[in-house]
1. With Phe179, Phe199, Phe216, Phe232 as the choices, which residue is open to solvent by 100 Å² or more (accessible area, probe 1.4 Å), within 15 Å of Val1 (Cβ to Cβ) and of a type in the set (Phe, Trp, Tyr)?
2. Taking the options His173, His155, name whichever one is farther than 30 Å from Ala76 by Cβ and surrounded by 10 or more Cβ atoms within 10 Å (Cβ to Cβ).
3. Looking at the range 109-146, which of the residues that are among the hydroxyl-bearing types (Ser, Thr, Tyr) and surrounded by 13 or more Cβ atoms within 10 Å (Cβ to Cβ) is nearest to Tyr52 (Cα to Cα)?
4. In the range 202-213, which residues are aliphatic (A, V, I, L, M) and loosely packed, with under 10 Cβ neighbours inside 10 Å?
5. So which pairs qualify, if the first residue must be in the range 183-205 and on the phi < 0 side of the Ramachandran plot, the second must be open to solvent by 90 Å² or more (accessible area, probe 1.4 Å) and among the basic types (Lys, Arg), the Cβ gap must be under 9 Å, and the two must be at least 6 apart or on different chains?
6. Taking the range 160-176 only, how many residues are closer than 19 Å to Arg2 by Cβ and in contact with a helix residue (DSSP H, G or I) (Cβ under 8 Å, 6 or more places away or on another chain)?
7. Could you run through the range 1-16 and say how many residues are small (Gly, Ala, Ser), in a loop (DSSP other than H, G, I, E, B) and under 15 Å from Leu97 (Cβ atoms)?
8. If you scan the range 121-143, which residues turn out to be touching a strand residue (DSSP E or B) at 6+ places or on another chain (Cβ under 6 Å) and not in a helix (DSSP H, G or I)?
Amino acid sequence: VRTFLLEKSRVTSASLEKERSYHIFYQMLAGSQEEGRGLPELKGKHPDDFYYTSLSGTNYTSSIDDAADFYAMDAALDSCGLEASEKRDLYGILTALLHLGCVRFAASEGSDTISVQPDTAAALTNAERLLGIGVISELLVEKIVKSPRSNNVYHIALDLSAATHQRDALVKHIYLMLFDVIVARINTKIQVEKDFHRFIGLLDVFGFEVFQHNSFEQLCINYANERLHNFFLMR
């Protein structure tokens, strides 16, 4: 299984009416309400408690049973060889991304610099704990540039918009890394020792999408989609 292009933008910007982010977030929240399932700290939590899963106002849909889908997905991870502790870590990382989405920034009093809003500091602390990392509040509000000539390191303060984009970029990159880890585990499980001469190829191509706010990433996704469709239609 190979990842050609993951639509990471959906994680942080699913804002169209009746649109949701990736199903895993809603499945995990629904599945964790049952004792012994999912992540215990999500018990009592719902999609509207987190920024990324409440962007569009559509948290639930009658045609999808998120809890049942979570149980099926959880069993599939067992089939891929993930231990219970690994699944907890996986759900913990996904929950950390939801917490990161709740982090807000504000201008520091009496200066031009910005910092994490005090009322969202707990969300950042939860994210750091679940990711197993140290304090990153300063890293979210600055850009670090290293000069290749002098080898000096410069810390450049970001404005509110840039800091928000940096937070979202971090979330999307972690999601991509987690996705790649799961794909690698699937490949380990399905690999065979003997030589083979026939195979079944499946291609999952996302559709062309237009949003209220179209980022450069979305342009690349749409372009890649059109090129792929053209390639296979010409075969």
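1. Result of the check over Phe179, Phe199, Phe216, Phe232: Phe199.
2. His155
3. Step by step, filter the range 109-146, then rank; the result is Thr120.
4. Leu202, Leu203, Val210
5. Val183/Arg2; Asn187/Arg2
6. 1
7. Number of matching residues: 1.
8. Passing the criteria: Val141, Glu142, Lys143.
The values are calculated or read from the model by the stated rules, or taken from the named source; none is laboratory data. Quick caveat, the model's predicted, so the values are computed rather than measured. Every residue, glycine among them, receives a Cβ derived from its backbone with ideal geometry; neighbour counts consider all protein chains shown. Heads up: the accessible areas ignore ligands, DNA and RNA and are worked out on the full protein's heavy atoms, side chains in. Shrake-Rupley method; radii C 1.70, N 1.55, O 1.52, S 1.80 Å.
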